[in-house]
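A.B. asks: Input: one structure, supplied below.
The values are calculated or read from the model by the stated rules, or taken from the named source; none is laboratory data. For clarity, every value in this text was computed on a predicted model and none was experimentally measured. FYI the Cβ positions are ideal-geometry reconstructions off the backbone, even for glycines, and counts take in every protein chain you see.
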Amino acid sequence: MASGLVWSGRMPPSPDPSGLTQEILLRAYASVLRARALDDRRFVLNRAGKLAFIISPRGHEVAQVAAITALEPGRDRFCLYYRNFAAALACGFTPEELMLSAFARAADPSSGGRQTPGNFGSRRRGVVIGSSTVGPQIPKAAGIGLALKWKGEGALCYVSFGEGATSQGDFHEGVNFAALHRCPVIFFCENNHWAISVPQELQVAGPGVAERAAGYGIPGTRVAGDDFFAVHAAVAEAARRARAGEGPSLIEAQVYRLQSHSTDDDQRAYRDPVELANEAGKDPIPKMRQDLIARGWLTDEVDEQLRREVGEEVDRATEAAEAAPEPDASTLTRHVYADA
Ligand SMILES: Cc1ncc(C[n+]2csc(CCOP(=O)(O)OP(=O)(O)O)c2C)c(N)n1
């Protein structure tokens, strides 16, 4: 966010019991806008044949940024999944870094252009790179949580996944282990009700994901993923528990997938057109904007200024990443075989 942003509203912001300040909230809102603007650009570039494949965070942005805003990038560890584009921005990835990844350029900080975009990794930000397989980040987070507990630094591990991933064995193993050993882990499920073309009712037995926490003896909370303050409060409470040695928590944020699964998918082939038309109106960004305005944290002028700045950032990031060199072909097998 531009450092020059100052409050220009007519009424003073109301005090927030969560400790959220105007600066934190505007930074979070800027991350949400940035994720959307970058996603719009990536779509155009994909359709123009310049980007091979993307997975959109559209509909998940507010939940992702609210969750990360309650945590401490640089201190905590983050096992993100492929839809976590907005979460990665909130963890500190820059638009240019994410565009370098989208263009598979050598300077992509996550993998040097080797992984599909959406595999986020940054040692200095504590973001642990994953794989495109659904679920393995969950037991990995439990193990990281155990290590953090042993280190005793008060840091925690945040791991995110979709509801489809909760039907994998990895989910059971990871949550069970973390609960048994009271590991400081936050299990954050972004439930968009679809696992590619499989709806929740054909994938997840029982009423939902949050209820599963009871089987492991840990708290399970369901929150509206378009409610920044509700998601932030749920994650802040899970973080408090984790840092106090009380063990893991499971949070299920209800969101909408406002795009097909990926740019290689067309959800019109398997979804009801009426339902799709309905969901088009469930964009979480106008709600966040309204919530901030209603609480006195944002004005139309600041909103316009932020959108303008974000648009310019996206232009700069796109130009820089497109012009950046591709990986050298001679490095093709690096990290695949032991170097001689
Ligand atoms: C083990 C495994 N099975 C299947 C796939 C193919 N696959 C990729 S994403 C995905 C859907 C996952 O849905 P969900 O966990 O709900 O997350 P969402 O993509 O909806 O955010 C599937 C089945 C995979 N990558 N790995």
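A.B. asks: Please verify whether Lys140 is surrounded by fewer than 24 Cβ atoms within 10 Å (Cβ to Cβ), within 15 Å of the ligand (Cβ to nearest atom) and not in a loop (DSSP other than H, G, I, E, B), treating the condition exactly as stated. Working first, answer last.
C.D. replies: On the way: surrounded by fewer than 24 Cβ atoms within 10 Å (Cβ to Cβ): yes; within 15 Å of the ligand (Cβ to nearest atom): yes; not in a loop (DSSP other than H, G, I, E, B): yes.
So Lys140 fits the description; yes.
A.B. asks: Does Gly206 fit the bill of being without any contact (Cβ under 8 Å) to a residue 24 or more places away in the chain and away from the ligand (no atom under 16 Å from the Cβ)?
C.D. replies: Values: without any contact (Cβ under 8 Å) to a residue 24 or more places away in the chain: yes; away from the ligand (no atom under 16 Å from the Cβ): no.
Answer is no for this residue.
A.B. asks: All but one of (1) on the phi < 0 side of the Ramachandran plot; (2) away from the ligand (no atom under 13 Å from the Cβ); (3) in a loop (DSSP other than H, G, I, E, B) hold for Arg182; which doesn't?
C.D. replies: Looking at each condition in turn, Arg182 falls short on (1).
A.B. asks: Here is a further query. Ala324: exposed (fewer than 11 other Cβ atoms within 10 Å of the Cβ) and either more than 23 Å from Val62 (Cα to Cα) or without any contact (Cβ under 8 Å) to a residue 12 or more places away in the chain (or both), yes or no?
C.D. replies: Working: exposed (fewer than 11 other Cβ atoms within 10 Å of the Cβ): no; either more than 23 Å from Val62 (Cα to Cα) or without any contact (Cβ under 8 Å) to a residue 12 or more places away in the chain (or both): yes.
Answer is no for this residue.
A.B. asks: Considering each of Phe171, Phe177, Phe93 in turn, give the residue that is within 16 Å of the ligand (Cβ to nearest atom) and aromatic (Phe, Trp, Tyr). Quick ask: steps written out before the conclusion?
C.D. replies: Details: Phe177 fails: within 16 Å of the ligand (Cβ to nearest atom); Phe93 fails: within 16 Å of the ligand (Cβ to nearest atom).
None of the other options fit; the residue is Phe171.
A.B. asks: Additional query: Do we have any residue at all in the range 236-256 that's without any contact (Cβ under 8 Å) to a residue 40 or more places away in the chain, more than 15 Å from the ligand (Cβ to nearest atom), assigned to a helix (DSSP H, G or I) and surrounded by 20 or more Cβ atoms within 10 Å (Cβ to Cβ)? Walk me through how you get there before you give the answer.
C.D. replies: Residues of the range 236-256 without any contact (Cβ under 8 Å) to a residue 40 or more places away in the chain: 237, 240-241, 244.
Subset that is more than 15 Å from the ligand (Cβ to nearest atom): 237, 240-241, 244.
Now narrow it down to the ones that are assigned to a helix (DSSP H, G or I): 237, 240-241.
If we keep only those that are surrounded by 20 or more Cβ atoms within 10 Å (Cβ to Cβ) too, we end up with none.
For the range 236-256, residues without any contact (Cβ under 8 Å) to a residue 40 or more places away in the chain, more than 15 Å from the ligand (Cβ to nearest atom), assigned to a helix (DSSP H, G or I) and surrounded by 20 or more Cβ atoms within 10 Å (Cβ to Cβ): absent.
A.B. asks: Here is a list: Phe53, Phe103, Phe85. Which entry is among the aromatic types (Phe, Trp, Tyr) and more than 16 Å from the ligand (Cβ to nearest atom)? Please lay out each step first, then the result.
C.D. replies: Details: Phe53 fails: more than 16 Å from the ligand (Cβ to nearest atom); Phe85 fails: more than 16 Å from the ligand (Cβ to nearest atom).
Exactly one residue qualifies, and that residue is Phe103.
A.B. asks: So, in the range 89-114, exactly how many residues are surrounded by fewer than 18 Cβ atoms within 10 Å (Cβ to Cβ), at pLDDT below 95 and not polar (S, T, N, Q)? Can you show your working first?
C.D. replies: First, pick out the residues of the range 89-114 that are surrounded by fewer than 18 Cβ atoms within 10 Å (Cβ to Cβ): 92, 94, 106-107, 111, 114.
Subsequent filtering for residues that are at pLDDT below 95 retains 111, 114.
Filter once more, keeping what is not polar (S, T, N, Q): 114.
So the count comes out to 1.
A.B. asks: Look through Val159, Val175 and report the one residue that is in a strand (DSSP E or B), modelled with pLDDT of 95 or more and not hydroxyl-bearing (Ser, Thr, Tyr). Walk me through how you get there before you give the answer.
C.D. replies: Details: Val175 fails: in a strand (DSSP E or B).
Exactly one of Val159, Val175 is in a strand (DSSP E or B), modelled with pLDDT of 95 or more and not hydroxyl-bearing (Ser, Thr, Tyr), namely Val159.
A.B. asks: While we're here: Identify the residue in the range 257-284 that is in contact with a helix residue (DSSP H, G or I) (Cβ under 6 Å, 6 or more places away or on another chain) and part of a loop (DSSP other than H, G, I, E, B) and, among all such residues, is surrounded by the most Cβ atoms within 10 Å (Cβ to Cβ). Can you show your working first?
C.D. replies: Taking the range 257-284 and keeping what is in contact with a helix residue (DSSP H, G or I) (Cβ under 6 Å, 6 or more places away or on another chain), we get 260, 263, 284.
Then keep just the ones that are part of a loop (DSSP other than H, G, I, E, B); that gives 260, 263.
Numbers: Ser260: 20, Thr263: 17.
Ranking the candidates gives Ser260 first.
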